Amino acid sequence: MASVDNFEKPVEQLRTAHTALEDVLAIVIGTLMVSFGVVMLRQVGALTGGTAGMAFLAHYLTQVSFGTAFFIINLPFYYLSIRRMGWQFTLKTFTAVALVSVFSDLHPLFIHFDHLQPFYATLFGNVIMGIGFIVLFRHKASLGGVNILALFLQDKYGLRAGKLQMGVDCCIVLASLFVVSYEMLIASILGAVIVNLIIAMNHRPGRYSV
């Protein structure tokens, strides 16, 4: 029979922290999912929000690879991450950013889409990215940039990370009006809303603490 004391303990005390191996596997799986979503968006010329959206803009305007642009754009945000979120979070995030940068350029070597309906690819690509974000967040990692700022404000002030990212992401996508068509802009905005709704529903303060 379970001890009465166990039922009286806070839920946080009954949870088991992730092991190092679980963290490694989660970061690899999460970054594979995010980078695959990136490939779908890039294939149809769509955009998304956050630092990924900035990297897409740089890619479309300069032809620099998405992976290179994504890695460089994230560099300034590590200072805030170290000061506010700690070295462990920062190292995990740096690793996740590096893997997404590499995987997004490697996927096309193994898979090629002969046809992707742009609207479908944009929405479904963001769904895949949103799930990947949740995997990373629950293992105390992120993909830098706005993710770091959003998670910091959530931990510090209780602001919902998903809602904050949604506002920032929509602004970034709107700023890309001169790069994509109106149709792709609408699809990109809906995609940004979807990915941040996934985060808002699944990454609430206190819901998942290990």
Rounded to a whole number, what % of the accessible area of segment 10-72 do carbon and sulfur atoms account for, probe 1.4 Å?
70
If you find the alpha carbon centre of segment 34-73 and of segment 135-183, how far apart are they in angstrom?
15
What do you reckon, how do D155, D105 stack up by accessible area (1.4 Å probe), largest on top?
D155, D105
Taking only the alpha carbons of segment 62-108, the radius of gyration and the largest Cα-Cα distance, Dmax, both in angstrom, are 11.8, 36
Averaged per residue, what accessible area in Å² does segment 12-91 show with a 1.4 Å probe, protein chains only?
50
Under a 1.4 Å probe, counting only protein heavy atoms, L57 has an accessible area in Å², nearest 10, of 30
Mean Cβ neighbour count within 10 Å, used as a protection proxy, ranking 113-125, 90-102, 67-79, 44-56 highest first:
44-56, 90-102, 67-79, 113-125
Hull shadow area, averaged, segment 100-210 [alpha-carbon convex hull, nm²]:
7.7
According to a simple spin-label model (label point 7 Å from Cα along Cα-to-Cβ), what is the distance in nm between V28 and F110?
1.1
Which of the DSSP-defined H helices in the chain satisfy a minimum axial length of 20 Å, computed from C-alpha atoms, and a minimum mean Kyte-Doolittle hydropathy of -0.5?
20-44, 87-110, 118-137, 161-175, 182-202
Apportionment of accessible area to carbon and sulfur, segment 111-183, percent (1.4 Å):
68
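The values are calculated or read from the model by the stated rules, or taken from the named source; none is laboratory data. This structure is a prediction, so every number in the text was calculated from the model and none was measured. Counting neighbours? That spans all protein chains shown, and the Cβs are built from the backbone with ideal geometry, glycine included. Ligands, DNA and RNA are stripped out before the accessible areas are found, and what is left, the full protein with its side chains, is counted by its heavy atoms. Shrake-Rupley method; radii C 1.70, N 1.55, O 1.52, S 1.80 Å.
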